[in-house]
1. Amide H of A:Met130: which non-local residues (sequence gap of 5 or more, or other chain) have their own amide H closer than 5 Å, using H built in the peptide plane?
2. May I ask for the accessible area buried between chains A and B, both sides summed, probe 1.4 Å, to the nearest 100 Å²?
3. Which residues make up the longest stretch of chain A clear of GluC sites (Glu not before Pro) that lie in a DSSP loop with no more than 15 other Cβ atoms within 10 Å, not counting the sites?
4. On the accessible surface of the protein assembly as shown, probed at 1.4 Å, how many percent belong to carbon and sulfur atoms?
5. Determine the residues within the range B:61-76 where the difference in accessible area between the chain on its own and the full set of protein chains amounts to at least 50 Å²; count protein heavy atoms only and use a 1.4 Å probe.
6. To the nearest 0.05, what FRET efficiency results for A:Thr145 and A:Asp227 with a Förster distance of 30 Å applied to their C-beta separation?
7. Below 14 angstrom from the Cβ of A:Leu143, what's the summed charge of the other residues (Lys, Arg +1; Asp, Glu -1)?
8. Report the net charge of residues surrounding A:Ile285, where surrounding means a beta-carbon distance below 9 angstrom and charges are Lys +1, Arg +1, Asp -1, Glu -1.
Amino acid sequence: MGREATMSYVILGNGVAGVHAAETIRQLDPNGKITMISDEVFPPYCRPMISMVLEGSVPPEKLPIRPSSFYEEFKIEPVLGNRVSAVDVDHRAVSVNGKGYPYDKLLIATGADPRRIKADGLELKNIFFMRTETHVRQMLSTLPTIRKALVLGGGLVGFKASYGLLRRGIQVIMLIRSGYPLSMQVDSEAGRMIWDELKAHGLDVRLGVEATAFEGKDTVSRAHLSDGSFLPCDMVVIGKGVFPARGFIPKEKIKVDAGIVVDEHMETSAPGVFAAGDVAECIDIARKTPWVNAIWPEAVAQGRIAGMNMAGRRTAYKGSLSRNVIRIFGMDVMTAGLITPPEAEGFDILKVTDSRAKTYRKLVFRGDRLVGIVMVNAIEQGGVLMALIQSETPIKLPREALLKPSFNFKQLMQM
Amino acid sequence: MKEVVVHPERCVGCMQCMAACAAAHSRSKNLFLASLETPRPRARVHVGVGLYNEGFPNRCRHCDPTPCLLACLPGAISRNAEKNTVFIDPNRCINCASCAMACPFGVIRYHEDFMAPPGKTVAVKCDNCYERQLAGLIPACVEVCKSGALSFEEKADAMKRKTDEVARSVSAGVAQVDLAPGFTLLNAIKRQQIELAR
């Protein structure tokens with residue numbers, strides 16, 4: 001040992017995928033040189049928790065997922081404050097703010113940026129995205145002057161923003177373009193249940209409309225809607241989903257689809273270049289097609305796998321799986337895999353609704369394998385079902401048994 | 001290091017482990033006083049029913065790598081290497097249920113707990129009775145189990161015994177060695193009753 005040349009690892013992004021990759025590399029290669037490049041200067045933190053800072057239930061100092069000594073402890077050189085501007089695949093180097101950083105192994109874990117919308121007047125003040133700790137800090141500083149907020153988008157970010165603002169005593173109107181809330185996460189039945197729950201808690205949700213323009217003097221004061229009406233507002237939050245942050249990628253050198261395409265080793269089409277997290281696109285276990293699943297647990301898993309492969313341990317990743325768990329007021333919703341399968345393609349659907357207990361459960365099967373679940377309330381065994389999807393276990397139990405309240409791990413042991 | 005080992009073929013589903021667990025994780029550590037406490041202490045081991053109504057004490061496997069730890073958003077879940085135990089810090093937990101989504105065994109529950117900030121719902125699961133172990137006691141579920149479905153021993157010992165049992169079962173001239181004759185009989189009767197009822 002010691003004869004080998006020291007490996008030089010460069011990680012783009014200090015989100016959760018980058019952090020787990022760095023830790024895994026350090027575990028396997030104590031001497032390698034690790035450089036982490038990010039535009040965010042805040043220590044690695046929990047992005048999903050920023051809405052709790054907006055709401056006021058968690059102080060900002062609880063956001064970090066690693067202590068401030070993280071970089072030092074893992075012997076990582078942090079390069080913070082600027083985005084990477086280019087990747088030179090042929091010469092194995094990335095450039096940041098005019099400075100070059102050579103690499104032997106590169107991980108692209110740049111995550112995703114909020115999806116922009118097309119509307120007039122977006123340059124006005126008090127129109128926000130909610131993606132980073134900085135965004136929330138900016139929102140918090142304007143809160144004292146805000147009375148009416150408009151939230152665009154009925155996805156998770158839209159929800160969390162609405163909930164947080166409501167808790168701050170601000171009147172919130174949500175505009176959702178699709179027919180029901182959380183249309184990317186749940187099916188229409190669960191969506192309707194969620195809508196009922198929201199209405200019961202005083203949230204003003206408008207379905208089937210979107211904002212087309214904003215007006216005001218310096219700060220926003222009114223929004224034009226697609227149905228021709230107007231809404232007064234002094235704050236707008238845009239939560240229209242995210243898009244992989246891959247603008248700097250040379251597309252002729254690295255294969256790019258919606259995200260950066262990776263193989264089972266999280267390696268891109270360029271040797272030595274890996275991708276993980278919200279920016280990566282790998283095979284989806286339930287869909288059986290390449291897919292970007294921009295969720296926290298995937299970022300952790302992919303970051304670890306990328307780290308192992310970068311450090312020389314060839315490890316394959318089975319594929320990603322979309323999943324989410326959402327707690328809305330008194331309601332728990334868990335979804336995983338393929339929940340609204342294309343019709344007439346050999347999928348079987350099993351549904352059980354109990355309107356009195358306010359539960360709804362749906363299973364989607366392809367042949368004898370479980371490929372998707374939707375559960376509203378009573379979610380404790382959801383992890384067991386998700387493990388069945390992930391492991392693609394043939395289900396030999398009667399399918400109804402999976403939906404019974406008595407279902408538990410023991411019944412699987414006898415399959 | 002000793003660990004809790006589950007022997008599912010011996011479980012009769014009496015649920016005494018659940019009561020003992022709840023009491024061990026109460027303010028008073030006493031079953032009768034615990035039943036009067038607020039928040040009400042709850043079990044971290046969960047006896048489930050199999051297809052033939054046989055019992056199964058489902059408890060945290062303290063997996064490594066740890067799916068719940070990797071899924072935890074606020075970093076509330078940690079692993080104690082010395083006792084091979086996965087802990088949830090109730091002060092950091094934000095009750096997001098990401099761990100429920102990750103747990104392949106369905107052993108995490110969400111409720112108030114006397115160890116958590118008052119009025120806060122948190123994720124709760126088995127801690128291998130860490131406090132009891134520090135005091136020189138064995139985990140409460142094992143202590144109370146009368147059928148031998150739960151034992152507290154070196155993993156290597158348990159595996160050796162099981163290996164020997166399997167080896168003996170294939171020895172020449174042995175038709176079948178019943179590892180737990182009483183329970184086999186009981187389970188066979190239960191099985192018959194249920195199949196008749198169908």
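1. Distant-sequence amide H within range of A:Met130: A:Ile238.
2. 2600 Å²
3. My reading of the result: A:124-251 is the longest stretch.
4. Of the solvent-accessible surface of the protein assembly as shown, carbon and sulfur hold 54 percent.
5. In the range B:61-76, residues shielded by partner chains: B:Leu70, B:Leu73.
6. 0.60
7. With Lys, Arg at +1 and Asp, Glu at -1, the net is +4.
8. Combined, the nearby Lys, Arg, Asp and Glu give +1.
The values are calculated or read from the model by the stated rules, or taken from the named source; none is laboratory data. As the structure is a computational prediction, the values presented were derived from the model and not from experiment. Because the Cβ atoms are built from the backbone with ideal geometry, glycine has one as well, and the counts that use them run over all protein chains shown. Keep in mind that these areas ignore ligands, DNA and RNA; they rest on the heavy atoms of the full protein, side chains included. Shrake-Rupley method; radii C 1.70, N 1.55, O 1.52, S 1.80 Å.
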